[in-house]
Structures are given as structure tokens and as C-alpha cells.
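The values are calculated or read from the model by the stated rules, or taken from the named source; none is laboratory data. What you see is a predicted model; the values in this text were computed from it and never measured. Cβ coordinates were reconstructed from backbone atoms using ideal geometry, including for glycine residues, and neighbour counts include every protein chain displayed.
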Amino acid sequence: MIRTTPGLIKERFDNQRRVSKTWSMNVSLPVTLEDFVRRKVAAGEFQSPDEVVCEALRLLQDQESWRADASRKIDEGWKEAKSGQLRTPEEVRHSLAARKENWKQAHGS
């Protein structure tokens, strides 16, 4: 259950130390998730339960964004394939090898 309290707005710093306005909310969690949140704070990974929940929601936003981007790319590829714009297996292998090399260089591998 999520309950928002209209009008209770406060300023706080997010994980990147940016000031953001927040609304006060009460969230009920199953015991297993509550224990998880408490362990994260106790281990020093987060300063408060609020930070744990904010990070979880940020990750959920990232996941939704990734899915939307992947879906768009799949649709684009499908349209290209239907219009006859296909690549040979050699072109695909070359493209993947180049992308892999770029990734390695960017990540110091």
C-alpha cells in the first residue's frame, strides 16, 4: 500500500547529491523486503530506508527504459528485414566483433 500525503514536500539530496523535492509517502512492505532494507542500511550501503527504496525505484525506471529501447530496436530491425534490408552473416559477425572491441576498450579489458 502506498499512501501519499498531499502538501508535505521537502527538499533532500539524492544519491548524486542533487537537491530534489520529495513528497512524503508511507509504504507497507512484506516482512522479507523490510528485512532486506534493514540489512542494507545496517551494512552501511545506504544511509536510510528512503535511500534503499529510491535506488530500487531508480533501477526499475532504468529497466523500463531499457525495455522500451530494446522494443524500439526490435521493431526497427523487423521493419528493415521486411523491406529487404538484411545483412549477411559476415556483416553481422564483423559488426559484433567491432562492438565487442569497443566495449573492451571502454571498460579496460
Only listed residue being surrounded by 11 or more Cβ atoms within 10 Å (Cβ to Cβ), of a type in the set (Lys, Arg) and under 24 Å from the mean Cα position of the chain (by Cα), chosen from 38, 93: 38
Subset of the range 41-61 [among the charged types (D, E, K, R) and surrounded by 12 or more Cβ atoms within 10 Å (Cβ to Cβ)]: 50, 51, 55, 58
Consider residue 109 carefully, then state whether it is modelled with pLDDT of 90 or more and among the polar types (S, T, N, Q). no
Here is a list: 99, 58, 72. Which entry is among the basic types (Lys, Arg) and in contact (Cβ under 8 Å) with a residue 40 or more places away in the chain? 58
Residue match in the range 6-15 (condition: of a type in the set (A, V, I, L, M) and modelled with pLDDT of 95 or more): no
Can you name every residue in the range 37-56 that is in a helix (DSSP H, G or I) and more than 22 Å from residue 24 (Cβ to Cβ)? 39, 42
